[in-house]
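> Attaching a single structure in structure tokens format; questions to follow.
What follows draws every value from the coordinates through simple rules; no lab data is involved. This structure is a prediction, so every number in the text was calculated from the model and none was measured. Cβ atoms come from the backbone with ideal geometry, glycine included; neighbour counts cover every protein chain shown.
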């Protein structure tokens, strides 16, 4: 009888473990957001698992597009994506939280050139140069410079001699620093964060201009996920700044915390996208 | 040069050998180093081309998708990986089919979209190679005056080319690699020298030593007799061995010749002495006979005083002594005598044996005569007695004396040996002269008489040192032809 009880218990545990494995929350992150801090992200995942009392899995992909595809296939529950990536799919996804950086939920686009280039004063000096973008779905690393060119009446596809994507914010800095690209556009938050850990690399570049404020890349959730799970994750993320361990992680991520995301934050990007014909 | 050529073979042979070895090793080393140079070139080319091939496929995909950054990351990683291996990658470029740079690991030196041929003399030359190169294979180009070498790999698939990968290597890696390999070659050369040079020196010395020994002895010839050559010094029958044999033959001939000359001189001297002695003896004998007859007559005169008698007697004794001496000097072997019979030999033995009793000598006697020999018995007995008495006198106490008498080749051979004091060459050379004595009590006429008899019978007498410290006198007298 005792043996049978043990057997049933073991089976139950095994089953629940399988269920738990199958139902883990999957959060998608692009390499642009990860910026190579995989150890830190793992600690964050462990933190989330404890707080949620639920398994959490981080899924890494190179581009926002890939994350969105996974979400549509329900292989992802949450994703930390760029605002254009969200805006393009807002029927199927909802905003969950937005990070706060330097007291605001905003980021800026930085136009950077090699430190040796002291002549470039604006984007418009870079005609027929080689330009580095981050990702086609990035507001700061793609949309903003293209939008500026269009506003100035220039054809963004032909303005540069050559443009390419690095898929990673840090690699924009590298591409510009070594001279592969004559200039690049990237997240100001990413540049500032890199400047804290590797000032030697950022010192090889010069920030020519900073754009207007754009809503910080948000964490979104697929609409098909249950409200309970969605709320649960939202609560844990919002509470991170109230928790010693959470606060430490936030500091290392170089953000101050998460706030409830408001669609209004992304109206600027949305207008820009409409103007560019992307929406 | 002449100083070198005048050097002894002891130095010349090893020096020539060493020179040849050093030249051979240097030539071998130079060949090895030359090969190493080409091998290093080949190895570096293979390494670089391998690197090119390994990148080709992933670069093709990146270029196909116009993913400049990925292409850049691929070549950057390869250049860093390449730098840690044997090949030192300085730059990797990807050019399009119009020979314009698309990606470079050194964008500042070789910026994107720059024309390859305008990037300096080297690249201008490379552009030429790239445009001429129709194969999908990689090739490595060594430009003679360049500090770099280049491998070019077409980035193509199914004959569709998207561009060319150019890997720029510094030749700086070349010299250390070459030096490392060349050093190994030189080390082997040095080891060979270390083994061969001492061996050559030893062998050269060994080759030259017999020659040097021979030359030194040849130089002594004519001044003094050289020391004997060690027969084990050179045992082979090559030219040097033949030279040794010829030298020994020459030396023997010279010694024989000198010995013969000395014998002739000696015989001549003894003959002259004999003639002189005989002449004087005859001259003395004539007046002596008269004087002796007068003395004899005078002796029988009774009216002489006792003093006169005494004086006459004194003169007579003196004259008799002169007569004896002269008779001894005047050896006349022409007197007729009966033939020598075996009994004569036994008589002599009987006569001599008591004389040896005092010394307790061991006398070995061997006479093989069975019949009469047609030689005068008186003189042969005289010879035997003289030789045996001398031998007994010379022999040590409890020593040995041996006597062999034999007939060989129609000659009577008498050989007498003793173990007494050995005579030196100086003594031997004067042995047969009259009044030459080496023992107390001898008058020095015994061997003189023997010599005279032997000579007059047409024979020879010789003295030699036998093994075991024995002196041997051998007399050979030819038997008269019947």
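> Sorted by average packing, counted as other Cβ atoms within 10 angstrom per residue and highest first, what order do B:454-460, A:121-127 take? It would help to have the intermediate numbers written out before the result.
Numbers: B:454-460: 16.7, A:121-127: 15.1.
Descending mean neighbour count gives B:454-460, A:121-127.
> Still on this structure: Counting DSSP beta bridges with both partners in the protein assembly as shown, what percentage is antiparallel, nearest 5? Mind showing how you got there, number by number?
On the way: 72 of 93 bridges.
DSSP beta bridges in the protein assembly as shown are roughly 75 percent antiparallel.
> What is the gain in length, in nm to one decimal, between residue B:118 and residue B:288 on full extension, counting 0.36 nm per residue of separation less the C-alpha to C-alpha distance?
Length difference between fully extended and current span is 46.9 nm.
> Just tell me how shielded B:99-110 is by partners: mean number of partner chain Cβ atoms within 10 Å of each residue's Cβ, no decimals.
That average works out to 2.
> Once each part is reduced to its C-alpha centroid, what is the distance from the stretch A:112-160 to the stretch B:1-32 in angstrom?
Computed from Cα coordinates, the inter-centre distance equals 78 Å.
> In nanometres, what is the gap between the two model label sites at residue B:314 and residue B:263, each 7 Å from Cα along Cα-to-Cβ?
So the two model labels end up 5.1 nm from each other.
> Another question about this same structure. Listed highest first by mean packing, meaning other Cβ atoms within 10 Å per residue, what order do B:147-158, B:242-253 come in?
Output ranking for B:147-158, B:242-253: B:147-158, B:242-253.
> Quick check: pseudo-label points 7 Å beyond the Cα along Cα→Cβ at residue B:245 and residue B:327, how many nm apart are they?
Going from the residue B:245 label point to the residue B:327 one covers 6.0 nm.
> Mind giving me the FRET efficiency for residue B:172 and residue B:54? R0 is 30 Å, r the Cβ-Cβ distance, nearest 0.05 is fine.
Details: r = 23 Å, r/R0 = 0.76.
Taking R0 as 30 Å, the efficiency between residue B:172 and residue B:54 is 0.85.
> Just tell me how shielded A:159-165 is by partners: mean number of partner chain Cβ atoms within 10 Å of each residue's Cβ, no decimals. Could the numbers behind the result be given before it?
Working: counts 0, 0, 2, 5, 2, 9, 5.
Mean inter-chain Cβ contacts per residue within 10 Å come to 3.
> Same structure, new question: How many partner chain Cβ atoms sit within 10 Å of a residue's Cβ in peptide A:128-136, on average, as a whole number?
Mean shielding by partner chains, rounded to a whole number: 1.
> Based on DSSP, what percent of beta bridges with both residues in the stretch A:109-211 are antiparallel, to the nearest 5?
For the stretch A:109-211, the DSSP antiparallel bridge percentage is about 60.
> Can I ask one more? Going by average Cβ neighbours within 10 Å, how do the peptides B:446-453, B:474-481, A:148-155 rank, with the highest at the top?
Numbers: B:446-453: 22.9, B:474-481: 15.4, A:148-155: 13.4.
Per-residue Cβ counts within 10 Å, averaged per peptide and sorted highest first, yield B:446-453, B:474-481, A:148-155.
> Another one. For the stretch B:262-412, give the share of DSSP beta bridges that are antiparallel, in percent and rounded to the nearest 5; count only bridges with both residues there.
Given both bridge residues lie in the stretch B:262-412, the antiparallel proportion sits at roughly 40 percent.
> Taking R0 as 45 Å, what FRET efficiency do you get between residue A:119 and residue A:260 from their Cβ-Cβ distance, rounded to the nearest 0.05?
0.50
> Could you check the simple spin-label distance between residue B:143 and residue B:368, using points 7 Å along Cα→Cβ, in nm with one decimal?
About 10.7 nm separates the two model spin labels.
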